[in-house]
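For reference, the structure discussed in these notes is given below.
The values are calculated or read from the model by the stated rules, or taken from the named source; none is laboratory data. Owing to the predicted nature of the structure, the values given are computational and were not obtained by experimental measurement. Backbone-built Cβ (ideal geometry, glycine too); neighbour counts: all protein chains shown.
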Amino acid sequence: MNASAPGVVRAEQVRMVLEGVGASLIVGILLPTLLVFLLGTAADHRLLLAWYIAFLIGRFALVGIARWLLRSGDHRVFGKRVEHGLAALKIYEGCAWGALLWIALPSPDTAVSIVLIALLCALCGNAVALLAPLRDLYLALALPMLGFVFTRFWLMGTTPYQALSLCCILYVGGLYGQARIANRRIREGIKLQFENVRLVDQLRQEMDLVQEARLQAERANAAKSTFLAAASHDLRQPVHALGLFLEALAHSRLTSTQRRTVESAQNASLASSEMLNTLLDFSRIEAGVIVNNIREFPLQPLLDKLEFELAPMADAKTLIYRSPQTSCWVTSDSILLEQILRNIISNAIRYTERGGIVIGCRRRNGGISIEVYDTGIGIAADQQTDIFSEFRQLGNPERDRQKGLGLGLAIVHRLAASLGHSISLSSVVGRGSVFRVGVPVASDRHSDAETDDLPDATPSGQLAGRTFLVVDDDAIVRAGMTQLLESWECMCLAGGSEQDAILLLSGGVRPDAIICDYRLQEGRTGADAVATLRHHLGGDVPALLITGDTAAERLREASRSGLLLMHKPVLPGKLYQYLCRLLAA
């Protein structure tokens, strides 16, 4: 509603007057009735009765019209015609009150005269409050009444009454001044009220737009996550099978040329696996299935492990890699902290062409600051926040996939937030950067602290002679898993469903462990299949779930199963270690 539109403000003024008039019926009847009773002995009864009837007719007409207009609910009808009608009725009412003075005065009873004059003064004063929204209505009431009163007092001929007539003019004039002031304030209040309504409506519309934008962003984010999960799952299946075939092939008799070719294919498969695992890490964080295992542990073994893995990458680029020894103990999740540092150090190596990388620790603000220095390309100040966003890369306009997907620092940011660790960055373009991870210092030191992660390992004959039951609805994955397990001198029974697996077990063979894909046909899950097979075998056979899903709900379901879980594509060495741990447990 436009508060600046004169018609809108005027209609609201009319509505305020109508509400006051519409509520005045009872007082409008009682007051003239009391006056008729009071003046019954001092005035002509016929004239007084005629006045009483005429006044009530005017009062009923005024109140009835006011209530009818208010019930219509359409304030657009509160125009000039309504104002003119109200003015005519107020003129009629003013004449009626003035005529009463002609009927009752002069009175032999002075008290009656005083009461009558006081009553008319009170009526004029009350009209200021009632009719101030439309001050012209006040004049419509007061001027006819003043005309009758002035004339009556002046014609009575005595000096006191003539002086009183002049006082009436001054009194009505003063009240009109008050009515003008009240009218101005009422108009300003109405404008302010409409302006507030307009601002509230505007704010509500803007909030609706913000809400709609938020919903669209959530839908887009959900669609992105669904797409990534579906694409990741479909890509993981062939990459997972490829890794199994290449590992099995590597254990066969090959010429030196063939072995170099297989090693190159394994490196390409490993690069694909790393990118898919990055997508998986991001999806696991979004799904909220990563559980923190906070404990106290020494930092140096973790740094040694990272140096063993990542220093060769630096050496390949003729970069210096230094990680000075530290005796610090920290309180964190060793696996997640390792992932944070691995992503930061890998990025440092990836974006550094000369110089080197230094990883150091120092006490800062009551905790331990793990700092990764590099002499790389550096990051401009206006981009230092953006690099923690998803799929954001600097210095990679050609979208070279050897430089990753742009998710590493987004994962760092989210993992650090889940652990309550701080992440800070200082950088100068062309000179390098330093990332700092703030970790709480351990309260005590335990010399027997152990790490929970599994090192990469190569087959060492521990699984030779073992029997594994493989359940996977992808024939290529089954074939790859069969060849890999057989290359480890294991016996493998492979089926596409739990029914196939039960048929394979009908000969009385009892597997040492079950390796089962999580998502099977007809909506069945690996957890369902393992439960069925365990029931068939009559015992809790060790079981390993392998999933290529990255959808949030699927990841949560798999985590709730309580079974050992691996994610496709599975590195053969890591699979070997998991199977060894599974059988040992």
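Cβ separations smaller than 6 Å between residues 6+ apart or across chains give the following pairs from region 484-498 residues that are in the same structural domain as G508 (by TED's automatic domain parsing) to residues that are surrounded by fewer than 19 Cβ atoms within 10 Å (Cβ to Cβ) and assigned to a strand (DSSP E or B): M491/T467. Using the structure shown, decide if Y161 is aromatic (F, W, Y) and either without any contact (Cβ under 8 Å) to a residue 40 or more places away in the chain or surrounded by fewer than 16 Cβ atoms within 10 Å (Cβ to Cβ) (or both). Here the answer is yes, as Y161 does meet what is asked.
Condition check ((1) assigned to a loop (DSSP other than H, G, I, E, B); (2) within 46 Å of the chain's Cα centre (by Cα); (3) modelled with pLDDT under 85; (4) within 26 Å of A248 (Cβ to Cβ)) across all residues:
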position	(1), (2), (3), (4)
L503	no, no, no, yes
A529	no, yes, no, yes
G539	yes, no, yes, no
L555	no, yes, yes, no
M566	no, yes, yes, yes
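In region 16-53, what residues are under 30 Å from I190 (Cα atoms) and either part of a helix (DSSP H, G or I) or hydrophobic (A, V, I, L, M, F, W, C) (or both)? Residues satisfying the conditions are M16, V17, L18, E19, G20, V21, G22, A23, L25, I26, V27, G28. Answer yes or no as to whether E307 is without any contact (Cβ under 8 Å) to a residue 60 or more places away in the chain, touching a Ser or Thr at 6+ places or on another chain (Cβ under 9 Å) and of a type in the set (D, E). It is true that E307 is without any contact (Cβ under 8 Å) to a residue 60 or more places away in the chain, touching a Ser or Thr at 6+ places or on another chain (Cβ under 9 Å) and of a type in the set (D, E). Pairs meeting the criteria (first residue in region 17-40 and closer than 19 Å to Y138 by Cα, second residue crowded, with 16+ Cβ neighbours inside 10 Å and polar (S, T, N, Q), beta carbons under 9 Å, at least 6 apart or on different chains) are lacking.
Out of the residues in region 323-335 meeting the condition of being surrounded by 22 or more Cβ atoms within 10 Å (Cβ to Cβ) and either of a type outside the set (G, A, S) or in contact with a His (Cβ under 8 Å, 6 or more places away or on another chain) (or both), tell me which one is nearest to G367 (Cα to Cα). The residue in question is V330.
Listed here are the residues, each with its yes/no results for (1) within 60 Å of the chain's Cα centre (by Cα); (2) at pLDDT 85 or above.
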{"residue": "N2", "(1), (2)": "yes, no"}
{"residue": "A11", "(1), (2)": "yes, no"}
{"residue": "T41", "(1), (2)": "no, no"}
{"residue": "A50", "(1), (2)": "no, yes"}
{"residue": "S72", "(1), (2)": "yes, no"}
{"residue": "G94", "(1), (2)": "no, yes"}
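Listed by first and then second residue, the pairs linking a residue in region 170-188 that is assigned to a helix (DSSP H, G or I) to a residue that is surrounded by 12 or more Cβ atoms within 10 Å (Cβ to Cβ) and not hydrophobic (A, V, I, L, M, F, W, C), with Cβ atoms under 6 Å apart and 6 or more places separating them unless they lie on different chains, are A179/R135; A179/Y138; R180/R135; N183/R135; I186/P133. Being more than 16 Å from S426 (Cα to Cα) and either in a strand (DSSP E or B) or more than 38 Å from the chain's Cα centre (by Cα) (or both) is a property that T352 lacks. Take region 412-437 and flag every residue that is over 28 Å from the mean Cα position of the chain (by Cα), over 19 Å from R363 (Cβ atoms) and outside any loop (DSSP other than H, G, I, E, B). Within region 412-437, S427, V428, G432, S433 meet the criteria. Quick check: is even one residue across region 367-376 at pLDDT below 65 and not charged (D, E, K, R)? Checked region 367-376: no residue is at pLDDT below 65 and not charged (D, E, K, R). Would you confirm, using the coordinates I've provided, whether L192 is within 30 Å of G125 (Cβ to Cβ), at pLDDT 85 or above and either of a type in the set (K, R) or in a helix (DSSP H, G or I) (or both)? In short, yes.
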